[in-house]
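The structure appears below as structure tokens.
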Amino acid sequence: MSTVVRKTVNFKINGKDASAPEGTVIIEAAKQHGVEVTNLCYNRKLKPFAACRTCMVDVRSADGKKELVYSCTHPVAEGIEVFTDTEETDRYNGACLEMLLVEHPLDCPICDKSGVCPLQDNTEALQMSNGRFEIQRRNEPSDKSNPLIEFYLNRCILCGLCVRACDEIQGVQALDFHQRGMKSMIGTANQEPLDCEFCGNCITVCPTGALMDMSSQERGLAALFKTNNSICGYCSWGCTVQMESKKNKVTRFVGDETPGEGINEGNLCSKGRFGHGIIHNENRIKSPLINFGGTFKEVSWDEAIKTIIDRVQATINRNGPETVVGIGGEKLTNEENFLFQKLFRELYGSNQLTNLANMRAPYVNQFMVRCFENGINSKPVTELENSDVVLVFNSDLPSEYPVGGNSVRKGTIFSGTDVIIANPRKVVFKSESNIDIRLNYSLGSDMTVANRIARILIDEGIVNTANVKLAVPNYDELIQSLAPYTAEAAQQATGLSDEVLTRAAKRFGRTADRYILIGNDIFDSGQGEDVLNALLNLSILVHHGAEGSVSIFPPREHCNSQGVNDMGCTPDFLPGYQPVPDHFGTNNPASDLLENCTNGTIKFLHIAGEDPVHSYYKGEKIKNALNTVPFLVVQDVYMTDTAKMADVILPATTYAEKEGSFTNMTRHVQKVTPATLPQGQSRTDHDIFTQLANVFGKPFPNSAVSDVQDEISKTVPIYNGTLPGSKSVQWAPDGFKQNPGFRVTEARQETSQKEGFAFKLVSNNHMFHIGSYTQYAKALTDIGPDCVAELNPEDARALGIGDGDRIMIESDMHRIEVPVILSTVTAKGTVYVPKNWVAVQLNLLRNGEEGPVSIKISKLG
């Protein structure tokens, strides 16, 4: 358990003193002291397995007793002495390796693993150039029955790493051992085509190249590829990816399992591994464009930039700087967003900045600040695997934060982590947790679940209420606000028995290191702010009234949703959540951008790297707003629906072509490095903002990325010591005043169902898609080609709908047509539709509602 400190064990390795935490296996302890032990099946993320038998070491006990043991399964002990390369261990390990080499093909020149191959390394280490046995090469055809992962069984050594990774890391169990003896092999059930989450972690752990990435056409020695580590540009978890390129073209992404490299231990999801198809793509915007009477014409960069600046200056002179507004990008780097807000505030004289996350939920930043004011700073996400309990609140982890799910699963194996999943859908999350509590509550009762657990903590004496009352001034207000959340009322609202809620409360409130992972789905509940407040109140109770710790993070969606707010792309804060100077005044049209575009207050709008027409939840309103604003500038990678409405379009670069840093949802600042040059005439957002400043007549002094990072470090205190991001440091909330207090909200009345609309819509990001860009990655569209709805089988039977039928989903605003599958994951009375297909305009179904959209469905054909 993470709250129990493991004692240190002292021993010797090859005659040198060493130490390690109790329970550490010898092979890992040796590696920590710079001693490599030959092995082919050990991985620090997985349970010991001892399949390859090539890691034998000589162990002498304190009384001199000798024992040969497998170093991947045998833990260190006080006073032992370990010898890793004696004549006896080398002979044993070499014999096992020699037998593996009998069947192994000699195709190293065309193998992806060549040069980074553990089998090659171990062969060299044990000097096994000449074997004693007759060579009997396997000659099995490769299996390319799925779109992305090739099985080349001739290279397989049956180490089982892929099987274990699929089970223990991913919780999928798509691979297993089949047959027996000399016919043993790795494969899928009944040798069916692979049908899984396509994370590709089996490729990462495979030591021999038996599993290969088919999204890349390049093959061969590792030395032929240039590699650099950067940060994935999709979800907000912030995984490090190793980008491999050849002849200035990015060929594939791989996981880097080097200890301490990033926050993800080499784990990737399908988007992070196979989403590189957006980089070298013919559909990208190729040059600057100006809209002449509804027709876009290619122009030079100079003409496009001059057109923008002329319009900015004219707008400021005629209407004032507050009518010039910018939307910062959740996929831009910190440095780019910093320059963007600097362009507006220091050059244009306008404080009118926002971002789509802030437009949707301006209370999220306030929630984060209130966490800090209550002394809840939250531990780094790298410690998630050591937690005692994880509460996953309204998040489908495998789809929203898939690598976060990997860390939770590791915690259940090595730290005994309890898992509590609260969600209106019966989301699938498999782990080895001994305590797995599922709170499948009624749609819209999120706040009731959190508040009932808080009341149980108090009523059952699970938390020390005297300590809480002493630390938090308005404790009595909280008590009054929780009065309506009785067992009976909670069960009626949520559909959950008080027994299961009490069990969850006891596991959460015990002495423990706790993490709360919150999904972006709470925003669709219509009570996002109240839900966050209820979860913060819950956190405050255990922070002051229980032993251990609590870490809670605001929900973020994209790779730099945290950073765009950190860098002050909001009218409420300067970079670092510092107060806005008085000279900007209090009139902020950007605070209600849609209304102020529609009523004519906003005259100029610059959107940097966003597609609100597709992604903003009020689709019709955002389209009306953008149609009304007199001048619209969009800079983006692709011709999105938003770009099609622009007056000027500027071609920007992907995350693989830029330098800077991203900040993930848990505040880790991480370095972004380019793997290729900007494609075509595209420019980095950094260079675009720099040129805008030059033409405006007020160039940024020292505008190189490193110079901007120096300026951020000096002017944004929370980022001091975090840049350039090479070490994935979590920024510390220094400078926030301590102001403890519960955030009390009144109980919500349940929203009524619209007459004639019997269902509610539930939506979130798909496992293979996020935003607008992934639709351009061929590998991802191969495995996730269609937007498919999910319907509960009981509802389907009542409507005469079968699995695979096409249905029409209608609100009072819009209708869409999609195929449907029947699934018990989706609750009765709801329809689940992923939101990531551009052709399926899900956001147009909403008519200004803040809660779940009322819909009706019918069978087509």
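Please state which of the following conditions Asn440 fails to meet, knowing it meets all the rest: (1) within 21 Å of Gln491 (Cα to Cα); (2) buried (at least 20 other Cβ atoms within 10 Å of the Cβ).
Unmet for Asn440, out of (1) within 21 Å of Gln491 (Cα to Cα); (2) buried (at least 20 other Cβ atoms within 10 Å of the Cβ): (2).
Surrounded by fewer than 17 Cβ atoms within 10 Å (Cβ to Cβ), free of Cβ contacts under 8 Å to residues at least 40 places away in the same chain, over 22 Å from Ala747 (Cβ atoms) and not assigned by the TED database to the domain that holds Ser615: is that true of Lys469 in this structure? If you could, list the steps in order and put the result at the bottom.
Values: surrounded by fewer than 17 Cβ atoms within 10 Å (Cβ to Cβ): yes; free of Cβ contacts under 8 Å to residues at least 40 places away in the same chain: yes; over 22 Å from Ala747 (Cβ atoms): yes; not assigned by the TED database to the domain that holds Ser615: yes.
Against the criterion (surrounded by fewer than 17 Cβ atoms within 10 Å (Cβ to Cβ), free of Cβ contacts under 8 Å to residues at least 40 places away in the same chain, over 22 Å from Ala747 (Cβ atoms) and not assigned by the TED database to the domain that holds Ser615), Lys469 qualifies.
Just checking: which of the helices (runs of 4 or more DSSP H) contained wholly in region 293-378 hold 3 or more residues that are charged (D, E, K, R) and under 19 Å from Thr690 (Cα atoms)? Outline the logic, then answer.
Details: elements: 301-319, 334-342, 356-360, 363-373.
In region 293-378, 301-319, 334-342 are the helices (runs of 4 or more DSSP H) which contain 3 or more residues that are charged (D, E, K, R) and under 19 Å from Thr690 (Cα atoms).
Would you confirm whether any residue within region 335-356 is outside the structural domain of Asn406 (by the TED database), among the acidic types (Asp, Glu) and in contact with a helix residue (DSSP H, G or I) (Cβ under 6 Å, 6 or more places away or on another chain)?
yes
Got a sec? Which of Val428, Val419 is within 19 Å of the chain's Cα centre (by Cα) and closer than 27 Å to Gly23 by Cα?
Working: Val428 fails: closer than 27 Å to Gly23 by Cα.
Within the list Val428, Val419, the selection yields Val419.
From the list Asp782, Asp812, exactly one residue is surrounded by fewer than 18 Cβ atoms within 10 Å (Cβ to Cβ) and modelled with pLDDT under 95. Which is it? I'd like the intermediate steps shown before the answer.
Details: Asp782 fails: modelled with pLDDT under 95.
After applying the criteria, what remains is Asp812.
I need the full set of residues from region 686-712 which are within 18 Å of Gly328 (Cα to Cα) and aliphatic (A, V, I, L, M), in order please.
Matches in region 686-712: Ile688, Leu692, Ala693, Val705, Val708, Ile712.
Being in contact with a strand residue (DSSP E or B) (Cβ under 6 Å, 6 or more places away or on another chain), surrounded by 17 or more Cβ atoms within 10 Å (Cβ to Cβ) and either assigned by the TED database to the domain that holds Ser415 or touching a residue at least 24 places away in the same chain (Cβ under 8 Å) (or both): is that true of Val76 here?
On the way: in contact with a strand residue (DSSP E or B) (Cβ under 6 Å, 6 or more places away or on another chain): yes; surrounded by 17 or more Cβ atoms within 10 Å (Cβ to Cβ): yes; either assigned by the TED database to the domain that holds Ser415 or touching a residue at least 24 places away in the same chain (Cβ under 8 Å) (or both): yes.
Judged against the criteria, Val76 is a match.
Of the residues in region 834-851, how many are under 19 Å from Val820 (Cβ atoms) and either open to solvent by 30 Å² or more (accessible area, probe 1.4 Å) or under 24 Å from the mean Cα position of the chain (by Cα) (or both)?
8
Check Thr465, Thr511, Thr502 and return the single one that is within 30 Å of Ser728 (Cβ to Cβ) and either over 21 Å from the mean Cα position of the chain (by Cα) or not basic (Lys, Arg) (or both). Step through it out loud before you land on a result.
On the way: Thr465 fails: within 30 Å of Ser728 (Cβ to Cβ); Thr502 fails: within 30 Å of Ser728 (Cβ to Cβ).
When all the criteria are applied, what remains is Thr511.
Would you point out which residue out of Arg6, Arg91, Arg60, Arg44 is within 23 Å of Asp167 (Cα to Cα) and of a type outside the set (Gly, Ala, Ser)? If you could, list the steps in order and put the result at the bottom.
Working: Arg6 fails: within 23 Å of Asp167 (Cα to Cα); Arg91 fails: within 23 Å of Asp167 (Cα to Cα); Arg60 fails: within 23 Å of Asp167 (Cα to Cα).
Sole residue among the options that is within 23 Å of Asp167 (Cα to Cα) and of a type outside the set (Gly, Ala, Ser): Arg44.
Here are some conditions: (1) touching a residue at least 40 places away in the same chain (Cβ under 8 Å); (2) of a type outside the set (Gly, Ala, Ser); (3) more than 26 Å from Asn440 (Cα to Cα). Ile809 meets all but one. Which one does it not meet?
Going through (1) touching a residue at least 40 places away in the same chain (Cβ under 8 Å); (2) of a type outside the set (Gly, Ala, Ser); (3) more than 26 Å from Asn440 (Cα to Cα) one by one, Ile809 breaks only (3).
Going by the conditions given, is Val116 assigned by the TED database to the domain that holds Ala20 and either of a type in the set (A, V, I, L, M) or open to solvent by less than 90 Å² (accessible area, probe 1.4 Å) (or both)? Even if it seems obvious, please write down each step before you answer.
Working: assigned by the TED database to the domain that holds Ala20: no; either of a type in the set (A, V, I, L, M) or open to solvent by less than 90 Å² (accessible area, probe 1.4 Å) (or both): yes.
No, not satisfied.
Taking Gln242 as meeting all but one of (1) free of Cβ contacts under 8 Å to residues at least 60 places away in the same chain; (2) out of contact with any strand residue (DSSP E or B) (no Cβ under 6 Å at 6 or more places or on another chain), write down the number of the exception.
With respect to (1) free of Cβ contacts under 8 Å to residues at least 60 places away in the same chain; (2) out of contact with any strand residue (DSSP E or B) (no Cβ under 6 Å at 6 or more places or on another chain), Gln242 is out only on (2).
Filter region 677-700 down to the residues that are crowded, with 20+ Cβ neighbours inside 10 Å and in contact with an Asp or Glu (Cβ under 6 Å, 6 or more places away or on another chain) and list them by number.
If the condition is that a residue be crowded, with 20+ Cβ neighbours inside 10 Å and in contact with an Asp or Glu (Cβ under 6 Å, 6 or more places away or on another chain), then Asp685, His686 are the ones that fit.
The values are calculated or read from the model by the stated rules, or taken from the named source; none is laboratory data. Since this is a predicted model, take the numbers as computed values, not measurements. Note: ideal-geometry Cβ built from the backbone for every residue, glycine included; neighbour counts use all protein chains shown. Note: areas computed on protein heavy atoms with side chains; ligands, DNA, RNA excluded. Shrake-Rupley method; radii C 1.70, N 1.55, O 1.52, S 1.80 Å.
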